[in-house]
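The structure appears right after this line, and notes come after that.
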Amino acid sequence: MAKISVEVAGVSFQNPVFLASGIWGESGLSLARAFKKGAGAVITKSIGPVPREGYPNPTVVELGEWGLINAMGLPNPGIKNYRAEIETAKKAGAVVVGSLFGANPEEFATIALAMERAGAISLELNLSCPHAKGLGSEIGQDPTALSEVILAVRKSVRIPIWAKLTPNTHDPAALAEAAVKAGADAITAINTVRAMAISSKALRPVLAHGLGGLSGPAVKPIGLACVWQIYERVKVPVIGVGGITTGEDAFEYILAGASAVEVGTALSKKGASLFHEVCDGLEAQLEEHGFSSLKEAVGAAHRK
């Protein structure tokens with residue numbers, strides 16, 4: 001496998017291909033397995049202040065080559081129960097980034113501190129889930145509310161903060177600017193795109209919740225556009241997410257301005273070998289185009 005080390009917000013990672021939040025993040029053992037299979041870092045599922053069941057089934061719609069739509073409803077065991085999973089992953093050698101959500105700045109700050117104490121090396125604030133009422137993008141679409149959350153978390157922890165932003169807005173770069181001004185050390189872009197599926201036979205939405213979030217290859221052009229815009233407006237690292245299935249996909253995100261990438265939906269079809277495939281493919285792209293390092297390629301498309 002390729003050996004492309006990367007630094008994001010002062011933290012070094014063995015490679016720039018990370019496990020995205022919500023995929024294999026239910027337990028410390030599954031996080032550790034993803035890391036051992038080649039992920040540069042593993043990001044937990046999004047954890048809230050108390051246990052949350054999420055939405056009833058059906059929660060996922062398969063869209064073939066396009067990807068899928070999900071409306072899970074942020075199910076999680078709550079931070080008190082999940083701390084042990086982070087500790088388990090850390091003991092197995094995994095580099096863990098904690099993903100978290102809350103309804104207000106105080107909840108975010110409390111969970112952030114617990115994750116830091118459990119051993120998370122960085123935090124990814126979920127400010128972008130498109131289908132959880134009062135959470136996610138309902139906070140993250142408002143620059144003031146977003147800033148208040150980040151300020152509270154910054155006062156609570158010392159480890160780096162990544163703000164995961166929504167594409168469901170007219171100006172994602174403005175949200176990134178607000179996040180950085182409030183203390184975010186990096187930006188993750190993007191989360192899922194608001195979407196739905198309707199059954200022409202049942203005459204109703206397919207998902208129990210109705211609206212969901214689209215992920216997979218269909219959202220890659222949207223993710224690239226958001227990373228491109230954000231890179232032009234902020235001076236912190238950007239982590240690109242959305243539709244990455246090959247090394248070439250990852251390379252496109254790097255050219256757009258990403259310093260690292262996350263893979264998620266494609267793992268459901270390709271399995272853990274995807275980390276090796278994307279990493280090796282990315283290294284091949286860097287060599288083919290004459291880049292001596294990953295850092296040299298970051299944002300290169302802006303300079304052409």
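The values are calculated or read from the model by the stated rules, or taken from the named source; none is laboratory data. It should be emphasised that the depicted structure is a prediction, and the values quoted were computed from it without experimental measurement. With ideal geometry, Cβ positions are generated from the backbone for all residues, glycine too; neighbour counts draw on all protein chains shown.
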**Report entry** Lone qualifier among Val60, Val6 - being among the β-branched types (Val, Ile, Thr) and under 26 Å from Val153 (Cα atoms)
**Finding:** Val6
**Report entry** Which numbered condition Gly38 misses (of (1) under 20 Å from Val241 (Cα atoms); (2) out of contact with any helix residue (DSSP H, G or I) (no Cβ under 9 Å at 6 or more places or on another chain))
**Finding:** (2)
Requested in this report: Name every residue in the stretch 108-156 that is crowded, with 21+ Cβ neighbours inside 10 Å and in contact (Cβ under 8 Å) with a residue 60 or more places away in the chain, in order of residue number.
Outcome: Ile111, Met115, Ala120, Ser122, Glu124, Asn126, Ser128, Cys129, Pro130, His131, Leu135, Gly136
Query raised in the report: Is it true that some residue in the stretch 116-135 is β-branched (Val, Ile, Thr), over 30 Å from Ser199 (Cα atoms) and under 17 Å from the mean Cα position of the chain (by Cα)?
Result: yes
Query raised in the report: Which of (1) within 30 Å of Arg117 (Cα to Cα); (2) outside any strand (DSSP E or B); (3) modelled with pLDDT of 95 or more is the odd one out, the single condition Thr166 does not satisfy?
Result: (3)
Query raised in the report: Mind checking whether some residue in the stretch 238-256 is surrounded by 21 or more Cβ atoms within 10 Å (Cβ to Cβ), on the phi > 0 side of the Ramachandran plot, in contact with a Lys or Arg (Cβ under 9 Å, 6 or more places away or on another chain) and not hydrophobic (A, V, I, L, M, F, W, C)?
Result: yes
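Conditions (1) not in a loop (DSSP other than H, G, I, E, B); (2) not hydrophobic (A, V, I, L, M, F, W, C), marked per residue:
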site: Ile86; (1), (2): yes, no
site: Ala94; (1), (2): no, no
site: Phe108; (1), (2): yes, no
site: Cys129; (1), (2): no, no
site: Lys133; (1), (2): no, yes
site: Ile139; (1), (2): yes, no
site: Ala152; (1), (2): yes, no
Query raised in the report: In the stretch 33-70, how many residues are among the acidic types (Asp, Glu) and under 14 Å from Glu85 (Cα atoms)?
Result: 0
